[in-house]
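Heads up: the structure comes next, in C-alpha cells.
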Amino acid sequence: MELYEKVSTNLNFVEREKATRKFWVKHGIQCLKISEHFANETGIPCVMNIWIPDGYKDIPADRLTPRMRFKKSLDEILDTPYDKEKVYVTLESKVFGIGLESYTVGSAEFCLSYSDYKGITPLMDNGHYHPTEMVSDKISSLLLFNEKIALHVTRAVRWDSDHVVIFDDETKEIAKEIVRNNALHRVFIATDYFDASINRISAWVTGVRSVQKALLFALLQPDEKMKDLQDESNFTEIMYLQEEMKTAPFGDVWNEYLTRENVPTDYLAEIKKYEEEVLVKRV
C-alpha cells in the first residue's frame, strides 16, 4: 500500500514533492545493498539496472528541470558506498512510453551522458528506440568507450511490446556484433519479454534459446574473411558469403550442442509433460 501511494503521477524520481522522490531514492539505495548481498552469496557480480517511467504525455514547458531532479536522485543513490567489483549498476533509456509520448526524462542522451559521468554501465533495450533504430548498430560505438555494456534483448512489434524473442534478423545481428568484436566477456545479456497468451515456460525457453542460437550462429560466421573483404571494398563477395551462411547446416550444429549438454531438442514435449504432471495439479 505504501508503494502505491507514492506513485501518484508520471513522476517518481523527478517528483517535485521531496517525500516521493526521497522514497524512491531510498528504494534505489536498498536495491544496491540487495545486489551486493546477492554477489556475496553467489560469488558472482550482480547487475543492478535502473530504469524509470518518468515523463509527460504532452509537450512539456520545461524539459531541463525534471532531468536535473533525476540527476540529483541518481547522484544520491550512487554516492552511497558499494563494491563496484561486485555490483555493476546499469542505466537504461527509453524513447517513449504509454502516457509519456512527448517526453521521457531518461532519454538515450541523458542516460549515456550520465553513465559516462558517473562511470557506470550503459544499458540498451532494443525495444526502447524508434523502430528504424537498430541496437545492433550501436553496440560497437559503446564498446569503444565502455569497459562493459548491458543489453535487454527483446522483440518490439511497432513499439516496446516485449514479444517473445525469436531467431530473427536483429537478434542475430546483435549476437554478431558481440562475437565479431570479441566482446562476449564485456556484454551483460538479459532477455526482456512476456506473453501471457502462450505457455509461460515455452515462452521463456523459446526466448532464451533464440538468443543462444543467435550467439552460436554468430560464432560460426567467417568474420575474419569478411573483414578482409570489407577492407578490400569487395562488397559483392561479402553479400555472397552472408547469404550462403543463412542456409548453411546450422541446425545440425545446434542439435549437437544440445546433445552434448544433455538437453532435449524437443522442449515442447517436455513442457507438455510438465503441464500434465505438475501444473494441472496446482490449486
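The values are calculated or read from the model by the stated rules, or taken from the named source; none is laboratory data. Being a predicted model, the structure only gives us computed values, none of them experimental. Here the Cβ is made from the backbone with ideal geometry for all residues, glycine too, and neighbour counts use every protein chain on show.
Listed residues I77, I34; which is of a type in the set (V, I, T), modelled with pLDDT of 95 or more, touching a helix residue (DSSP H, G or I) at 6+ places or on another chain (Cβ under 9 Å) and part of a helix (DSSP H, G or I)?
Matching residue, one of I77, I34: I77.
One line per residue, one yes/no per condition, for (1) under 21 Å from the mean Cα position of the chain (by Cα); (2) over 26 Å from N126 (Cα atoms):
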residue: A39; (1), (2): yes, yes
residue: C46; (1), (2): yes, no
residue: P53; (1), (2): yes, no
residue: I59; (1), (2): no, no
residue: S73; (1), (2): no, no
residue: V87; (1), (2): yes, no
residue: S102; (1), (2): no, no
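Scan the range 196-215 for residues that are under 19 Å from V280 (Cα atoms) and in contact (Cβ under 8 Å) with a residue 12 or more places away in the chain and jot them down.
Hits for the range 196-215 are I198, N199, I201, S202, A203.
Output the strands (runs of 3 or more DSSP E) that fall wholly within the range 80-153 and possess 2 or more residues being of a type outside the set (S, T, Y) and in the same structural domain as D168 (by TED's automatic domain parsing), or say none.
Because the criterion is at least 2 residues that are of a type outside the set (S, T, Y) and in the same structural domain as D168 (by TED's automatic domain parsing), the strands (runs of 3 or more DSSP E) in the range 80-153 that meet it are 149-153.
Given the options D162, D192, D137, name the one that is within 12 Å of M124 (Cβ to Cβ) and modelled with pLDDT under 95.
After ruling out the rest, the residue left standing is D192.
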